[in-house]
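Enquirer: Have a look at this one before I ask anything.
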Amino acid sequence: MRSREPREKLASLTHGKGRLIQSGVSQFEEPGSGKAHAVSDERLLARFVSGDDEALGELAARYEAQLIGLCTGMLGDRALAMEAVQETWLRVIRHGRTYDGRASVKTWMYQIAINRCRDLGRARGARTKRELTHHQRESDIRRGRSDSDGKTADPRLEAAVSGLEDHQRETVLLCYHRGLTHKQAAEVLGVPIGTIKSRLNKALVKLRDALGSETTTGRGIEA
C-alpha cells in the first residue's frame, strides 16, 4: 500500500497546480508524432505501481495533452475537461495495480477518461452542456484561439463536431483527432469494429452537410 493517499500523491506530482505537465492544448490538437518510446507504457505503469513516481510523470508527458484534447472535445468546456483529466490520473494512481494487460495502457487510460467525461456530462445535464458548449464556441471565435502549434483552431469544425450525438462525437475524436485505429477505438468504447465504422460514416455525413466535403477533407476527416 502506498504511503500517501491518491489526492496527496497527485498534489505532490503537480506541485498543487492540478496538472502533471503544463501545456497549452486546443480542443482539436493533433496527435503526437507516434515515435516509438524506449520504455513501453506498460513498463512505466509497472514501475509506478512498484513505487517509481517519476514513471507516472513520463506517462503524463506522453498522454496528458492528448487526454486534455479528448476531454475538451467531449465536454465542450475547458474547466470541466481539466477536472475529468485530473480524475483520470487519480484513477490511474488508485487502480494501477488492477491493470491486467488485456488492452494497452493508452487504451485503458482513454477508457477511464471517456467514462469520467460521460459521468460529468450526465451530472451537468444536457441543457447546461449545450449552453456551455455554445458559450465556449463563441468565446473561442472572439479570441481567435490558436493551438500549441500556432495554428488557428477552426471554430466551424469545432461547432460541427460538438453538434454530433455523443457516441458519434466520441468516435470522431478518438479516430480523427487522437489518431486511434478502428480496432483501438472499439477497445476504448467497448463496441465492435463494425459499430465504429458505422458511427464514423454517419458522423461524416453530418459533418459534410454542415461544412462541405472540402472542409472535412482538408481537416483530415474523410472516409
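Enquirer: Return yes when Val205 is among the hydrophobic types (A, V, I, L, M, F, W, C), crowded, with 19+ Cβ neighbours inside 10 Å, more than 18 Å from Asp77 (Cα to Cα) and modelled with pLDDT of 85 or more and no when it is not.
Expert: So Val205 does not fit the description; no.
Enquirer: Only residues that are of a type in the set (Asp, Glu) and more than 17 Å from the chain's Cα centre (by Cα): list them for segment 43-74, please. First the steps, then the outcome.
Expert: Looking only at segment 43-74, we keep the residues that are of a type in the set (Asp, Glu), and these are 52-54, 58, 64.
Asp52, Asp53, Glu54, Glu58, listed by residue number.
Enquirer: When residues of segment 58-104 are filtered for being among the charged types (D, E, K, R), surrounded by fewer than 20 Cβ atoms within 10 Å (Cβ to Cβ) and closer than 15 Å to Cys117 by Cβ, how many remain?
Expert: The qualifying residues number 4.
Enquirer: Every residue in segment 17-74 that is modelled with pLDDT of 90 or more and either assigned by TED's automatic domain parsing to the domain that holds Leu180 or in a loop (DSSP other than H, G, I, E, B) (or both), please.
Expert: Ser40, Ser50, Gly51, Asp52
Enquirer: Of the residues Gln168, Gln184, which single one is of a type in the set (S, T, N, Q), within 16 Å of Gly73 (Cα to Cα) and either assigned to a helix (DSSP H, G or I) or touching a Cys at 6+ places or on another chain (Cβ under 6 Å) (or both)? Step through it out loud before you land on a result.
Expert: On the way: Gln184 fails: within 16 Å of Gly73 (Cα to Cα).
Only one candidate qualifies: Gln168.
The values are calculated or read from the model by the stated rules, or taken from the named source; none is laboratory data. Not measured: the values here are computed from a predicted model. Heads up, the Cβs are rebuilt from the backbone with ideal geometry, glycines too, and the neighbour counts pull from every protein chain shown.
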